[in-house]
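Colleague: The following block contains the structure, expressed as structure tokens.
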Amino acid sequence: MRGLMMDTQLMISGLLRSADRNYPDREIVSVTADNPRHRYTYRESFRRTRQLANALNRLGAEPGDRIATLAWNDYRHFELYYAVSGSAMVCHTINPKLYPEQVAYIIQHAEDKFIFVDLLVVPLLEALADQLTGVEGIVVLTDEAHMPKTALPNVVCYETLIAAEFEQFEWPEFDENTASSLCYTSGTTGNPKGVLYSHRSTMLHAYASCLPDVLGLSGHDTIMPIVPMFHVNGWGIPYGSLLVGAKIVFPGPKMGDGETLQALIEEESITIASGVPTIWLGLLSYLKESGKRIDSIKRLSVGGAACPLSIIEGFRDEFGITVCQGWGMTETSPLGTVFSLKSSNKDLPADEVAKLQAKQGRGVFGIEMKIASPDGDELPWDGVAFGALKVRGSWVCSGYFRLDNASPLDEDGWFDTGDVATIDPDGYMQITDRTKDVIKSGGEWISSIDLENAAVDNPKVAEAAVIGRYHPKWSERPLLIAVKNAGTDVNKEEILSWLSSRVAKMSLPNDVVFVDELPHTATGKINKLALREQFKDYQFPD
Ligand code: ADP
């Protein structure tokens, strides 16, 4: 028997309509290339978003068309999120920090019809001009006063484009399974693959993200997504914020700069911010050097890569701030697991809590997870057994855009994440490695993440990466590559002795090499592909 409830569709534009009614005066603050502090209200934002929707129509964009953005986190990018998806078009966010040939590949593969580009990213498109043959027009995200001189064809100014438009627009209603946005994986494991989100998946993810034990977003919060809006929809924060009516602060192009972040946090009284570990590492060292504070912050969300204990303890001890680690992927929208303290764990001593925070978190309702052996058998949640992490849920991808032959699902319909993990009896999941990064030494698996975390806990080490290198006896052994903290000196023996009390003897790296810096991917993770290339001729000392 069917229930007798209305069959209304979950629409991203529904967030705009609701927020316009309920929170019209909430603020959105942005740093942009043409204005260091732009601020306006939700109501003004939504008025411009409707003008943009009219402009898209006038340009000839149609439902289903991919509209690309190459932009930082700011209010114009936010307007695009809603105007494009709300018009049944697909908001295709592209990472401007990818290699130019990857950007060209992605634009061609997605067949983007229009590209909306940040002022600072115009030179990237100029360099790719001869590869943009399918693109009908380029819109520069600025005003007339800042329009660059460019030889690119069919270029218009964003502010001029929308100024001419009506302020009224009726958001269409359509099937909630319609595609809403598109994000290509950053390609750390091969050619970028397109993950195509729907209105339904985005809205269910937005509901879940606001829950108290997930990102815990509330209308009382001021939220700063430092995680880029081109990286898995800014972890869904541009949607969750509207759902609860939170003030939003977009840090613009200066996302990695500790000084800018500290100033924004203090001036705008930010309560929650989200970003990858490198961002927090940078902010923490800036705060230590400058003696400045970030007292309004209640919680920092960290994800995208393993968060070292030193970051968790640093923010706790100096600032009383809780660092909540989460795990996810482009393919999981991204929220999969997030740290929250179980009621049964509430009396744990602070150091035990920190150890839980250093794990990747507990499952979010809406995502099922399991770990499986190489034969596909489900492994126990005992905190010891480790295996392939598999997930299933309404915001997990079931296929890649225009890659019909490459189903990412196993025969039971689970998505294999490519991560290796343990899950403890309390449900805390811990990534021990990515399948391809695990070091296979003899018959044993050594976790590169465990070694990296233990190494960066040493106060003299700023950053560390471990890769497997050929070894004649063991086939592979770990090589630790480290960056020293500024003004400190440390040698191989000191690091090995530090590690020997923290990891199993068989995991100890066979060598430690110091470098000035480690290569990072466009999303701020250590680029192990590049490191393996850099050390491809490396041989362990006898
Ligand atoms: P890409 O796959 O191109 O690197 P994603 O952003 O989708 O881009 O990366 C997802 C991967 O990042 C996960 O599969 C996992 O390996 C890693 N990851 C994400 N969050 C964490 C975390 N908190 N700890 C450890 N690894 C993480």
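Colleague: If we scan region 168-175, do we find a residue that is in a helix (DSSP H, G or I) and more than 29 Å from V103 (Cα to Cα)?
Modeller: Taking region 168-175 as the starting set, the residues that turn out to be in a helix (DSSP H, G or I) are none.
Looking for residues that are in a helix (DSSP H, G or I) and more than 29 Å from V103 (Cα to Cα), one finds none in region 168-175, hence no.
Colleague: Let me ask you something else. When the residues of region 115-150 are narrowed to those that are farther than 13 Å from P96 by Cβ and aliphatic (A, V, I, L, M), which ends up surrounded by the fewest Cβ atoms within 10 Å (Cβ to Cβ)?
Modeller: The residue in question is A145.
Colleague: Does region 331-340 contain at least one residue that is under 27 Å from G524 (Cα atoms), away from the ligand (no atom under 11 Å from the Cβ) and crowded, with 17+ Cβ neighbours inside 10 Å?
Modeller: Taking region 331-340 first, the residues under 27 Å from G524 (Cα atoms) are 331-340.
Going one step further and asking which of them are away from the ligand (no atom under 11 Å from the Cβ), we end up with 340.
Those left that are additionally crowded, with 17+ Cβ neighbours inside 10 Å: 340.
Yes: region 331-340 contains one or more residues that are under 27 Å from G524 (Cα atoms), away from the ligand (no atom under 11 Å from the Cβ) and crowded, with 17+ Cβ neighbours inside 10 Å.
Colleague: Search region 409-420 for residues that are on the phi > 0 side of the Ramachandran plot and pair each with any residue that is within 16 Å of the ligand (Cβ to nearest atom) and in a strand (DSSP E or B) when their beta-carbon atoms are under 9 Å apart and the residues are at least 6 apart or on different chains.
Modeller: G413/R392; G418/A388; G418/L389; G418/R434
Colleague: Can you find, within region 176-206, the residue that is nearest to L59 (Cα to Cα) among those that are part of a loop (DSSP other than H, G, I, E, B) and away from the ligand (no atom under 15 Å from the Cβ)?
Modeller: Applying the first criterion (part of a loop (DSSP other than H, G, I, E, B)) to region 176-206 yields 176-178, 185-193.
Okay, now just the ones that are also away from the ligand (no atom under 15 Å from the Cβ), so 176-178.
Values: E176: 25, N177: 25, T178: 21 Å.
Here the answer is T178.
Colleague: Out of (1) farther than 30 Å from L98 by Cβ; (2) polar (S, T, N, Q); (3) assigned by TED's automatic domain parsing to the domain that holds P459, the odd one out for Q539 is which?
Modeller: Only one criterion in (1) farther than 30 Å from L98 by Cβ; (2) polar (S, T, N, Q); (3) assigned by TED's automatic domain parsing to the domain that holds P459 is unmet by Q539, namely (3).
Colleague: In region 267-278, is there at least one residue being at pLDDT 95 or above, over 22 Å from K460 (Cα atoms) and acidic (D, E)?
Modeller: For region 267-278, residues at pLDDT 95 or above, over 22 Å from K460 (Cα atoms) and acidic (D, E): present.
Colleague: Looking only at region 172-179, decide whether some residue is aliphatic (A, V, I, L, M) and modelled with pLDDT of 95 or more. Spell out the reasoning first.
Modeller: Narrowing region 172-179 to residues aliphatic (A, V, I, L, M): 179.
Cutting the leftovers down to modelled with pLDDT of 95 or more gives us 179.
Within region 172-179, one or more residues are aliphatic (A, V, I, L, M) and modelled with pLDDT of 95 or more.
Per-residue answers, yes or no, for (1) under 23 Å from K298 (Cβ atoms); (2) modelled with pLDDT of 95 or more:
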position: I321; (1), (2): yes, yes
position: W327; (1), (2): yes, yes
position: F339; (1), (2): yes, yes
position: D347; (1), (2): yes, yes
position: P374; (1), (2): no, no
position: F386; (1), (2): no, no
position: G393; (1), (2): no, yes
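Colleague: Which numbered condition trips up Y470, out of (1) among the hydroxyl-bearing types (S, T, Y); (2) within 16 Å of the ligand (Cβ to nearest atom); (3) part of a strand (DSSP E or B)?
Modeller: (2) is the only condition that Y470 fails.
Colleague: Something else about it: Name the single residue, out of those in region 308-330 being farther than 17 Å from V214 by Cα and buried (at least 21 other Cβ atoms within 10 Å of the Cβ), that is farthest from the ligand (Cβ to nearest atom).
Modeller: Only one residue fits best here, namely F315.
Colleague: Just to check your reading of the model, which residue among K536, K528 is free of Cβ contacts under 8 Å to residues at least 24 places away in the same chain and either within 21 Å of W445 (Cα to Cα) or not basic (K, R) (or both)?
Modeller: Testing whether each residue is free of Cβ contacts under 8 Å to residues at least 24 places away in the same chain and either within 21 Å of W445 (Cα to Cα) or not basic (K, R) (or both) leaves just K536.
Colleague: So, one more: Taking the condition part of a loop (DSSP other than H, G, I, E, B), in contact with a Leu (Cβ under 6 Å, 6 or more places away or on another chain) and either modelled with pLDDT under 90 or more than 30 Å from W235 (Cα to Cα) (or both), does A486 pass?
Modeller: Values: part of a loop (DSSP other than H, G, I, E, B): yes; in contact with a Leu (Cβ under 6 Å, 6 or more places away or on another chain): no; either modelled with pLDDT under 90 or more than 30 Å from W235 (Cα to Cα) (or both): yes.
For A486, the condition - part of a loop (DSSP other than H, G, I, E, B), in contact with a Leu (Cβ under 6 Å, 6 or more places away or on another chain) and either modelled with pLDDT under 90 or more than 30 Å from W235 (Cα to Cα) (or both) - is not met.
Yes/no per residue for (1) surrounded by 12 or more Cβ atoms within 10 Å (Cβ to Cβ); (2) within 22 Å of the chain's Cα centre (by Cα); (3) touching a residue at least 60 places away in the same chain (Cβ under 8 Å); (4) in the same structural domain as N453 (by TED's automatic domain parsing):
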residue: A354; (1), (2), (3), (4): yes, no, no, no
residue: Q360; (1), (2), (3), (4): yes, yes, yes, no
residue: G363; (1), (2), (3), (4): yes, yes, yes, no
residue: M369; (1), (2), (3), (4): yes, yes, yes, no
residue: D375; (1), (2), (3), (4): no, no, no, no
residue: W381; (1), (2), (3), (4): yes, no, no, no
residue: G387; (1), (2), (3), (4): yes, no, no, no
residue: R392; (1), (2), (3), (4): yes, yes, no, no
residue: S398; (1), (2), (3), (4): yes, yes, no, no
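Colleague: Could you list, in sequence order, all residues of region 447-485 that are among the small types (G, A, S), surrounded by fewer than 20 Cβ atoms within 10 Å (Cβ to Cβ) and touching a residue at least 40 places away in the same chain (Cβ under 8 Å)? Steps first, answer last, please.
Modeller: Taking region 447-485 as the starting set, the residues that turn out to be among the small types (G, A, S) are 447-448, 454-455, 462, 464-465, 468, 475, 482.
Imposing the further condition that a residue be surrounded by fewer than 20 Cβ atoms within 10 Å (Cβ to Cβ) reduces the set to 462, 475.
The one that is among the small types (G, A, S), surrounded by fewer than 20 Cβ atoms within 10 Å (Cβ to Cβ) and touching a residue at least 40 places away in the same chain (Cβ under 8 Å): A462.
Colleague: Give me the pairs, please: first residue somewhere in region 278-289 and in contact (Cβ under 8 Å) with a residue 12 or more places away in the chain, second residue anywhere and outside any helix (DSSP H, G or I) and among the small types (G, A, S), beta-carbon distance under 8 Å, and either six or more positions apart or on two chains.
Modeller: Once the first residue is in contact (Cβ under 8 Å) with a residue 12 or more places away in the chain and sits in region 278-289, its partners that are outside any helix (DSSP H, G or I) and among the small types (G, A, S) give T278/G256; T278/A305; T278/G524; I279/G256; I279/G524; L281/A462; G282/G256.
Colleague: Taking only pairs six or more apart or across chains, which ones have beta-carbon atoms under 6 Å, a first residue in region 293-308 that is closer than 19 Å to P228 by Cα and in contact (Cβ under 8 Å) with a residue 24 or more places away in the chain, and a second residue that is of a type in the set (K, R) and within 16 Å of the ligand (Cβ to nearest atom)?
Modeller: Correct list of pairs: A305/K525.
Colleague: Okay, moving on. Taking the stated definitions as given, is E313 among the acidic types (D, E) and either out of contact with any Cys (no Cβ under 8 Å at 6 or more places or on another chain) or not in a helix (DSSP H, G or I) (or both)? Write out each step before concluding.
Modeller: On the way: among the acidic types (D, E): yes; either out of contact with any Cys (no Cβ under 8 Å at 6 or more places or on another chain) or not in a helix (DSSP H, G or I) (or both): yes.
Here the answer is yes, as E313 does meet what is asked.
The values are calculated or read from the model by the stated rules, or taken from the named source; none is laboratory data. Every value quoted in this text rests on a predicted model; they were computed, and no experiment measured them. Every residue, glycine among them, receives a Cβ derived from its backbone with ideal geometry; neighbour counts consider all protein chains shown.
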